[in-house]
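Following: one structure in structure tokens, then a few remarks.
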Amino acid sequence: MNMKLDKIHHTAIQVRNISESVSWYTENFSCKIEYQDNTWAMLKFANTSLALVLPDQHPYHFAIIKNDLSVYGSASEHRDGTSSVYIKDTDGNNVEILKLPDN
């Protein structure tokens, strides 16, 4: 059986200050800034991405890429062209079901 596995796009951790955290991660690890504003940042590593988010703006979560979000609920469009639905697993963990923009 040759089943295609789903892909984790990113994990999001909550930080106190986006700018300070971006500086710390880019000074200590080989990663690049894909996006940054005052409320969140996305850092690209070789095998995944790390989102830095403020607690009052975004929940901690990890994101799984899916093309059909409708089975998970009503999707929200994001300013970076992605859309997503947040769900909780059976233990209450936040999971973002993410659709990337069409290329």
Number of positions in region 39-58 that are exposed (fewer than 14 other Cβ atoms within 10 Å of the Cβ) and closer than 27 Å to Ile87 by Cβ | 6
Verdict on Leu69 being assigned to a loop (DSSP other than H, G, I, E, B), of a type outside the set (Asp, Glu) and open to solvent by less than 30 Å² (accessible area, probe 1.4 Å) = yes
Of all residues in region 72-99, count the ones that are part of a loop (DSSP other than H, G, I, E, B), surrounded by 15 or more Cβ atoms within 10 Å (Cβ to Cβ) and touching a residue at least 24 places away in the same chain (Cβ under 8 Å).
-> 2
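The values are calculated or read from the model by the stated rules, or taken from the named source; none is laboratory data. Predicted model only: the values in this text are computed from it and were never measured. Every residue, glycine among them, receives a Cβ derived from its backbone with ideal geometry; neighbour counts consider all protein chains shown. Just the protein is used for accessible areas: all its heavy atoms, side chains included, with ligands, DNA and RNA removed. Shrake-Rupley method; radii C 1.70, N 1.55, O 1.52, S 1.80 Å.
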